[in-house]
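Notes follow once the structure below has been shown.
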Amino acid sequence: MASDRIVGIDLGTTNSLVAFMQGETPVVIPGDDGLNLLPSVVALDANNQPVVGNAARNSLIETPERAVYSIKRLMGRGVEDIQEELKLFPFRLADDMQAGEVLRITLGDKTFTPPEISALILRQLKRSAERFFGGPVTKAVITVPAYFNDAQRQATKDAGRIAGLEVLRLVNEPTAASLAYGLDKKQNGIVAVYDLGGGTFDISILKLHDGIFEVIATNGDTHLGGDDIDNLLINIALDDVRGDLGLDLRRNAEAVQAIRKAVIEAKIALSSQPSVKLDIELPGGQHYRREIAREQYEELIQPVIDRTVGPCKQAMKDAGLKPEQIDEVVLVGGSTRIPKVRALVKELFRREPHTDLNPDEVVALGAAVQANILGGGSEATENMLLLDVTPLSLGIEVAGGVTDKIILRNSTIPASATQFYTTQIDGQTNVAIHVLQGERELAKDCRSLARFDLKGIPPMAAGIPRVEVKFLIDANGILHVSAREQRSGKEAEIQVQPSYGLSDEQVEGMILDSFDNAEEDFRQRQLIEARAETSTILTALEKGKKSAAWGQLTTDEKKQIAKMEKALVAVNAEEDYQAIRKAIDALNQGTMRLAELMMDTAVSSALKGKNMNETDLGEGPTAPHPMAKAEFE
Amino acid sequence: MTKSALTVIGAKPLSEDTHSCWSCGSMRAAHFCESCGKVQPPVPVDYFSFFGLPPKLDVDVPALEKSFYELSRRLHPDLNARAGSQEQEWSLEQSSLLNDAYRTLRDPIKRTEYLLHLEGVELEEQSKSATEQARATGVMKKQIVPPDLLEEVFELNMQLEELRMNKKMGEGDPALIAEIGKQKLSLEAKHEALLQELRTYWKSWDDLVDRGHAPTEERMQTTKKMVDVLNRRNYIRNLVRDVSTALEE
């Protein structure tokens, strides 16, 4: 059923995937190139049409000014947050960016916000899923780093909406991984999930209890991952080139991307080889060559991977657990393939980590499990329930610029808190509230979430109004605020000014554009498929007419068939795929006896069983193997 | 924190409170309908009543956890994702109430503070944010040092100051660190003793609840003792935290 078609999406920094629960097993849906991993790269082609994935990756080297990668690093962030990123990544901000505005990235001569770019990736995944099901897909569970703040979550949800997807739930990546992992284990105990991906790091500690996955503590760093290792290696290469050849390539985007591609390959090779030889052709035909030994490389990346230690210790402290009390450690994310990372995890938790699930796919598979639970569950997910937490404390700015924490980090969500406000001046009708997220004591050190204006408070003497404001963090980790003046019972109006992020109207405007296109694209694909079927059935009919069975039909039957054939040919020339399908169905019905007669006379025919309607496809054996080998990033 | 004016003693446990289910009409108990399973609109109740518990302090935590899990399986938004929008909203509210209640009641200190709050007693603000706030506004924070600790605290603060100075100069003083470590252990022992003391007042309180409508006088006496223990305990906990931070820095 279409309504049950909820897909699970891992919207990653480096790669993205879409998965679905097929029967009792979650499987990854491959893209049109047959690959499970869709590189999270977006580019504009020569006609200014967006391309996503491997196609866009080539353009990173050929036309780098028209391509973007690692956009997840910019989701829900302001221009002042990303100064470090700008030094390391070739993000080109729009020239006319205003302070406080949502970031806009230039691709060619167009600009896109990070949610729009993510939406293009999501739309590609949506299409893969639609091809898989043979029908529209409109609902999804999308994963986010556990340590994502409210703005980053909201931006991800916006991306879903822009892509024409109703985001039923945002699930934290490590938690999703634990769902996939727990599916076949079905056991109780304490599990730590160490998730080091392309751009983010999360650590989550969960208690598994008869199907309930209760997160006890989570911590992380939303700007730490394989990207950082790549950047270290790129900088070494650039320094080498400048030192040895006197060539400064930092501003040469093509060369930087060529180097990036080569060092990523080297990084991957170093997980299995003792040393690797870099050989990069530079502009001008010179070659940059360097041999990197595993030892050197490990020494180099130590500071990066050491940054995961602090969050792990904090999470254990928050959970009130010692390493010995943790029963299992699960590794997630491509960067956990690095032997040095595995060694670090082993030392931290004093046990051998689990690596039996593909670290690139486990998050998407878990998202598919959660999608199944939301869709009503199945035998495999019966009794499974995820209880997640908010990663950061929610606070309010009080006098003196201090943060008053009202919902502490690691509180199970949904969670709520109620605060009371009053006025300071007679007749005051507005109260301003500044909501913050973070652990620091001073408001200026926390993340500003939004400024709320409570309006329409009935004019009374100072201190008399009593406005009850309810803060509620939903199961997606997103904040909702409502207010009521208690003395008058009047609902106070809340005007939200998100500190970062798109307004509803902005998102709305973006949806329409891309949604219209998506619908058109879907229609086009349906049309192509329907016409292909027309040609198949007409060929089969021609064959039938030449068979012995044709002679056994009555004149009336032949006349009927001719009429339906004519109708199909006519409608096939039009653009309406539904009409074509109808005509195909009619002809199929009309030639049923012919097909039977042909069978009887043992003449093989393609006339029967050609009616590929969507339900057939949905249950069809098109599923990929869930453990397909990861493609090179 | 909700400022509910509910009288806790003698409050009816919610399970006795019957309404009919909005969906199937059968008589229901509390948060979801026993016969059709539908989530019901939330009723404003205190956290104890939410779990159908009397307002007693000696809570059986494993049993509380069990009911938390059972109720989660009924109320959580994930399991009501296909319900109508009104029902989904109730599920969100009910489930946040459940989580808030569980978080408060499973922790002995938060549970006691919550009960005192329901009784209309407010604790002294000795949180870190109040300290910061006082620092930021330049107003001295009202902080009452328990008299029997006065000398010890004075001594400890001197030592901590010395430790910080040493660290700033890049010097280590193992004897000083050992001395502070000893003080920390002694504070932790005091902390533990206060928790034990608190448990004895829990018992007095629970006895009052069992007796039904207890005289205001007796209730106030018991809550006053609890407030006193909690204030001392918070003071010592902050000290332990300061010492730990100073040692770790």
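Per-structure values
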{"quantity": "Residue selected from the range A:425-460 under the condition among the small types (Gly, Ala, Ser) and without any contact (Cβ under 8 Å) to a residue 40 or more places away in the chain, by the criterion nearest to the other protein chains (Cβ to nearest Cβ)", "calculated": "A:Ala432"}
{"quantity": "Residue that is farthest from the other protein chains (Cβ to nearest Cβ) [pool: residues in the range B:55-80 that are surrounded by fewer than 16 Cβ atoms within 10 Å (Cβ to Cβ) and in a loop (DSSP other than H, G, I, E, B)]", "calculated": "B:Asp58"}
{"quantity": "Qualifying residue in the range A:178-189 (condition: closer than 19 Å to A:Leu103 by Cα and of a type in the set (D, E, K, R))", "calculated": "no"}
{"quantity": "Members of the range A:49-67 that are surrounded by 15 or more Cβ atoms within 10 Å (Cβ to Cβ) and in contact with a helix residue (DSSP H, G or I) (Cβ under 8 Å, 6 or more places away or on another chain)", "calculated": "A:Pro50, A:Val51, A:Val52, A:Gly53, A:Ser59, A:Leu60, A:Ile61, A:Pro64, A:Glu65, A:Arg66, A:Ala67"}
{"quantity": "Test: residue in the range A:438-447 that is buried (at least 24 other Cβ atoms within 10 Å of the Cβ) and either on the phi < 0 side of the Ramachandran plot or of a type outside the set (Val, Ile, Thr) (or both)", "calculated": "no"}
{"quantity": "Helices (runs of 4 or more DSSP H) wholly inside the range A:544-625 containing at least 3 residues that are modelled with pLDDT of 85 or more and not assigned by TED's automatic domain parsing to the domain that holds A:Leu365", "calculated": "A:555-572, A:577-590, A:592-600"}
{"quantity": "Selection count where residues are basic (Lys, Arg), within 13 Å of B:Arg237 (Cβ to Cβ) and either without any contact (Cβ under 8 Å) to a residue 24 or more places away in the chain or not assigned by TED's automatic domain parsing to the domain that holds B:Asp228 (or both), scope the range B:174-202", "calculated": "0"}
{"quantity": "The range A:404-419, subset assigned to a loop (DSSP other than H, G, I, E, B) and crowded, with 19+ Cβ neighbours inside 10 Å, residue farthest from the other protein chains (Cβ to nearest Cβ)", "calculated": "A:Arg409"}
{"quantity": "3 or more residues under 13 Å from the mean Cα position of the chain (by Cα) and either aromatic (Phe, Trp, Tyr) or at pLDDT 90 or above (or both): qualifying helices (runs of 4 or more DSSP H) within the range A:112-210", "calculated": "A:114-133, A:150-162"}
{"quantity": "Yes/no for B:Leu64 being at pLDDT 85 or above and closer than 13 Å to B:Leu105 by Cβ", "calculated": "yes"}
{"quantity": "Among (1) within 14 Å of chain A (Cβ to nearest Cβ); (2) at pLDDT 70 or above; (3) surrounded by fewer than 14 Cβ atoms within 10 Å (Cβ to Cβ), the one test that B:Pro42 misses", "calculated": "(3)"}
{"quantity": "Qualifying residues in the range B:81-116 (those that are in contact (Cβ under 8 Å) with a residue 60 or more places away in the chain and β-branched (Val, Ile, Thr)) - the one farthest from the other protein chains (Cβ to nearest Cβ)", "calculated": "B:Thr112"}
{"quantity": "Condition broken by A:Glu265, with the remaining ones in (1) touching a helix residue (DSSP H, G or I) at 6+ places or on another chain (Cβ under 7 Å); (2) surrounded by fewer than 17 Cβ atoms within 10 Å (Cβ to Cβ); (3) modelled with pLDDT of 90 or more; (4) over 30 Å from A:Pro391 (Cα atoms) satisfied", "calculated": "(1)"}
{"quantity": "Residues located in the range A:387-398, provided they are farther than 16 Å from A:Arg169 by Cα, in a loop (DSSP other than H, G, I, E, B) and touching a residue at least 60 places away in the same chain (Cβ under 8 Å)", "calculated": "A:Pro391, A:Leu392"}
{"quantity": "Checking A:Thr422 against (1) surrounded by fewer than 18 Cβ atoms within 10 Å (Cβ to Cβ); (2) more than 9 Å from chain B (Cβ to nearest Cβ); (3) under 29 Å from the mean Cα position of the chain (by Cα), the condition it does not meet", "calculated": "(3)"}
{"quantity": "The range A:334-382, residues that are small (Gly, Ala, Ser) and surrounded by fewer than 21 Cβ atoms within 10 Å (Cβ to Cβ)", "calculated": "A:Ala343, A:Gly375, A:Gly376, A:Gly377, A:Ser378, A:Ala380"}
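Here's the yes/no breakdown for (1) surrounded by 19 or more Cβ atoms within 10 Å (Cβ to Cβ); (2) within 14 Å of another protein chain (Cβ to nearest Cβ); (3) farther than 29 Å from A:Val330 by Cα:
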residue: A:Gly189; (1), (2), (3): no, no, no
residue: A:Asp195; (1), (2), (3): yes, no, no
residue: A:Ser204; (1), (2), (3): yes, no, no
residue: A:Phe213; (1), (2), (3): yes, yes, no
residue: A:Gly225; (1), (2), (3): yes, no, no
residue: A:Leu232; (1), (2), (3): no, no, no
residue: A:Glu254; (1), (2), (3): no, no, yes
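The values are calculated or read from the model by the stated rules, or taken from the named source; none is laboratory data. Not measured: the values here are computed from a predicted model. Positions of Cβ are generated from backbone atoms using ideal geometry, with glycine treated the same way; all protein chains shown enter the neighbour counts.
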